[in-house]
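First the structure, in the form of structure tokens, and then the observations on it.
Readers should treat all values here as calculations from the given coordinates under stated rules, not as data from a laboratory. Computed from a predicted model, the values in this text were never measured in an experiment. Note that each Cβ is placed from the backbone with ideal geometry, even for glycine, and that neighbours are counted across all protein chains shown.
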């Protein structure tokens, strides 16, 4: 397939990027917060994943909460740190939606924090689905 | 891609559970399946409700997961279903209203598949 520079530029401009559909503002929670508090935030504010303020690429997702229920964890005694997902992949605001979709499928995850020097938002599979359907 | 029928992208590997099952058992089943939803069935196999990861968040917010809360006490009964011939375009309205999992049912209200935001994401990545 052959593209002139002008054509390629137009194609890029037409396509949706992370910055257009990501969830903002960034929603965070402390690693020492009880799981109950995290669940309250997620439920009341309709958030499917929180960035944990450890500075180490950790997030708390709905799947982590499911795991805590499966283990019979006490939501008051269990902290975010006990159940969070560590070392998550991240994306940048200029990435194409198709590329993010491919990353989520490849890694089997529903959430990718958006990083532009610092954490700026969250991309979820729900954000992608809402855009394409 | 909006005229693509639902049965091209739905998951058919369904995870089901009975309405009287305990919350912790349902959570374990969801974790093992690697998915984020369970179909709750009546004894005759008809769809009674849906459990999503969001429902477990609500459980942790309000109850002690260690108690024997049965699935039917916290499942979603406000379920939007679609038919296999429906198109991706027809998923737009329920998706916009926050429905992340749409069971695909046959004429007898029996589940034959599920379309989730994960399925839509996978479809977009294949198309891309």
query = Which residues, counting only those in region A:90-115, are over 16 Å from residue A:17 (Cβ atoms), within 8 Å of chain B (Cβ to nearest Cβ) and surrounded by 15 or more Cβ atoms within 10 Å (Cβ to Cβ)?
reply = A:105, A:110
query = Residues in region A:77-89: is at least one within 7 Å of chain B (Cβ to nearest Cβ) and surrounded by 15 or more Cβ atoms within 10 Å (Cβ to Cβ)?
reply = no
inquiry  = For region B:77-98, which positions are in contact with a strand residue (DSSP E or B) (Cβ under 9 Å, 6 or more places away or on another chain) and either crowded, with 21+ Cβ neighbours inside 10 Å or closer than 15 Å to residue B:2 by Cβ (or both)?
reply    = B:82, B:85, B:86, B:87, B:88, B:90, B:91, B:94, B:95
